[in-house]
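Here the structure is laid out as C-alpha coordinates; the discussion comes afterwards.
The values are calculated or read from the model by the stated rules, or taken from the named source; none is laboratory data. Nothing here was measured: the structure is a model prediction, and the numbers come from that model. Note that each Cβ is placed from the backbone with ideal geometry, even for glycine, and that neighbours are counted across all protein chains shown. The protein model used for the area step is the full one, side chains on, heavy atoms only, and it has no ligands, DNA or RNA in it. Shrake-Rupley method; radii C 1.70, N 1.55, O 1.52, S 1.80 Å.
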Amino acid sequence: MQATFKFKGRSSHAAASPHLGRSALDAVELMNIVVNYMREHMIDEARVHYAITNSGGFSPNVVQAEAEVMYLIRAPKPSQVKELVERVVKIAKGAALMTET
(Lines give C-alpha, C1' and ligand atoms only; values in the text may rest on other atoms or scores of the structure.)
Protein backbone atom coordinates (compact mmCIF):
# COMPACT_ATOMS: atom_id res chain seq x y z
CA MET A 1 0.00 0.00 0.00
CA GLN A 2 1.22 3.45 -0.85
CA ALA A 3 0.25 6.57 1.10
CA THR A 4 1.26 10.21 0.99
CA PHE A 5 1.20 12.28 4.16
CA LYS A 6 1.00 16.05 3.76
CA PHE A 7 1.69 18.39 6.64
CA LYS A 8 0.65 22.05 6.69
CA GLY A 9 2.30 24.48 9.07
CA ARG A 10 2.99 28.18 9.28
CA SER A 11 5.96 29.83 7.62
CA SER A 12 8.18 32.17 9.53
CA HIS A 13 11.70 33.55 9.35
CA ALA A 14 13.89 31.07 11.20
CA ALA A 15 16.22 33.72 12.64
CA ALA A 16 13.93 36.68 13.30
CA SER A 17 10.76 34.94 14.47
CA PRO A 18 11.02 31.13 14.61
CA HIS A 19 8.54 31.01 17.49
CA LEU A 20 5.79 32.19 15.14
CA GLY A 21 6.28 29.31 12.72
CA ARG A 22 5.05 25.72 12.74
CA SER A 23 7.35 23.49 10.74
CA ALA A 24 5.74 20.96 8.44
CA LEU A 25 9.21 19.62 7.69
CA ASP A 26 9.75 18.91 11.39
CA ALA A 27 6.57 16.84 11.30
CA VAL A 28 7.88 14.78 8.36
CA GLU A 29 11.20 14.24 10.13
CA LEU A 30 9.55 13.21 13.39
CA MET A 31 7.24 10.84 11.54
CA ASN A 32 10.18 9.20 9.79
CA ILE A 33 12.10 8.77 13.05
CA VAL A 34 9.18 7.08 14.80
CA VAL A 35 8.47 4.80 11.82
CA ASN A 36 12.12 3.77 11.95
CA TYR A 37 11.64 2.79 15.60
CA MET A 38 8.47 0.90 14.64
CA ARG A 39 10.52 -1.39 12.38
CA GLU A 40 11.82 -3.17 15.47
CA HIS A 41 8.25 -4.11 16.37
CA MET A 42 6.93 -5.58 13.12
CA ILE A 43 7.26 -8.93 11.44
CA ASP A 44 10.55 -9.65 9.67
CA GLU A 45 8.89 -10.07 6.27
CA ALA A 46 7.30 -6.60 6.27
CA ARG A 47 8.88 -3.58 4.64
CA VAL A 48 8.25 0.13 5.11
CA HIS A 49 9.93 2.54 2.68
CA TYR A 50 9.61 6.30 2.39
CA ALA A 51 10.69 9.26 0.30
CA ILE A 52 10.36 12.92 1.20
CA THR A 53 8.60 14.27 -1.88
CA ASN A 54 8.28 17.89 -0.74
CA SER A 55 10.67 19.39 1.79
CA GLY A 56 8.90 22.74 1.73
CA GLY A 57 11.38 24.85 -0.18
CA PHE A 58 15.02 25.69 -0.72
CA SER A 59 15.69 28.35 1.91
CA PRO A 60 17.24 26.96 5.08
CA ASN A 61 16.42 30.10 7.08
CA VAL A 62 12.65 29.66 6.75
CA VAL A 63 10.31 27.56 8.86
CA GLN A 64 8.73 25.37 6.19
CA ALA A 65 4.94 25.72 5.96
CA GLU A 66 4.39 22.57 3.92
CA ALA A 67 6.07 19.21 3.50
CA GLU A 68 5.09 15.73 2.42
CA VAL A 69 6.38 12.20 2.56
CA MET A 70 5.34 9.12 0.59
CA TYR A 71 5.30 5.69 2.22
CA LEU A 72 5.22 2.24 0.66
CA ILE A 73 4.16 -0.49 3.10
CA ARG A 74 4.46 -4.17 2.23
CA ALA A 75 3.79 -7.44 4.06
CA PRO A 76 2.91 -11.01 3.05
CA LYS A 77 -0.77 -10.75 4.00
CA PRO A 78 -3.26 -7.91 3.41
CA SER A 79 -4.25 -8.00 7.09
CA GLN A 80 -0.61 -7.40 8.06
CA VAL A 81 -0.37 -4.46 5.66
CA LYS A 82 -3.59 -3.01 7.08
CA GLU A 83 -2.22 -3.24 10.62
CA LEU A 84 1.01 -1.50 9.65
CA VAL A 85 -0.82 1.24 7.75
CA GLU A 86 -2.98 1.91 10.80
CA ARG A 87 0.14 2.26 12.92
CA VAL A 88 1.82 4.59 10.42
CA VAL A 89 -1.31 6.77 10.32
CA LYS A 90 -1.23 7.03 14.12
CA ILE A 91 2.42 8.05 13.93
CA ALA A 92 1.56 10.76 11.37
CA LYS A 93 -1.17 12.08 13.67
CA GLY A 94 1.30 12.12 16.55
CA ALA A 95 3.84 14.07 14.48
CA ALA A 96 1.14 16.58 13.56
CA LEU A 97 0.20 16.99 17.22
CA MET A 98 3.82 17.43 18.32
CA THR A 99 4.45 20.14 15.75
CA GLU A 100 1.00 21.74 15.70
CA THR A 101 0.79 21.17 11.95
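In segment 1-60, what GluC sites (Glu not before Pro) fall in a loop by DSSP, with at most 10 other Cβ atoms inside 10 Å?
Listed in order of number, the matching sites are Glu45.
In whole Å, what are the extents of the chain along the principal axes defined by its C-alpha atoms, from largest to smallest?
Computed over the Cα atoms, the extents are 50, 22, 18 Å.
According to a simple spin-label model (label point 7 Å from Cα along Cα-to-Cβ), what is the distance in nm between Ser79 and His41?
In this crude label model, His41 to Ser79 measures out at 2.1 nm.
Within segment 60-80, find all residues whose amide N lies under 20 Å from a label point positioned 7 Å from the Cα of Ile33 along Cα-to-beta-carbon.
Backbone N within reach: 60-71.
Using a 1.4 angstrom probe, figure out how much accessible area segment 1-88 has per residue, in square angstrom, rounded to the nearest whole. All intermediate terms of the calculation are to be shown ahead of the outcome.
Values: 5420 Å² over 88 residues.
With all protein chains present, segment 1-88 gives 62 Å² per residue.
Suppose only helical runs count, i.e. DSSP H with n ≥ 4. What mean residue ellipticity at 222 nm does that imply for the chain under -39500 (n - 2.57) per run, divided by all residues and rounded to the nearest 500 deg cm²/dmol? Could you put the intermediate results ahead of the total?
On the way: 2 runs with 37 residues, N = 101.
So the calculated ellipticity at 222 nm is -12500 deg cm²/dmol.
Along Cα→Cβ, 7 Å out, is where each label goes; now give me the distance between the ones at Ile52 and Thr4 in nm to one decimal.
Simple spin-label model gives 1.7 nm for this pair.
Mind listing which chymotrypsin sites (Phe, Trp or Tyr not before Pro) in segment 1-61 are in a DSSP loop and have 12 or fewer other Cβ atoms within 10 Å? Numbers along the way, then the final one.
Numbers: sites: Phe5, Phe7, Tyr37, Tyr50, Phe58; in loops: Phe58.
For chymotrypsin sites (Phe, Trp or Tyr not before Pro) across segment 1-61 that sit outside H, G, I, E and B with at most 12 neighbouring Cβ atoms in 10 Å, the list reads Phe58.
Quote the Stokes-Einstein diffusion coefficient, in whole µm² s⁻¹, for segment 21-78, based on the Kirkwood radius over alpha carbon pairs, a temperature of 20 °C and a viscosity of 1.002 mPa s.
168
If the only charges are +1 at each Lys and Arg Cβ and -1 at each Asp and Glu Cβ, what is the size of the charge dipole of segment 1-77 around the Cα centre, to the nearest 20 debye?
With Lys and Arg at +1 and Asp and Glu at -1, about 200 debye.
Per-residue accessible area for Met70 at 1.4 Å probe radius, Å² rounded to 10?
The accessible area comes out at roughly 70 Å².
Treating the angle as unsigned and between 0 and 90°, give the value, to the nearest 10°, between the Cα long axis of helix 78-99 and the longest Cα principal axis of the chain.
20
On the accessible surface of the chain, probed at 1.4 Å, how many percent belong to carbon and sulfur atoms?
57
Helix 24-38 versus the longest principal axis of the chain: what is the Cα-based angle in degrees, 0 to 90, to the nearest 10?
For helix 24-38, the angle is close to 30 degrees.
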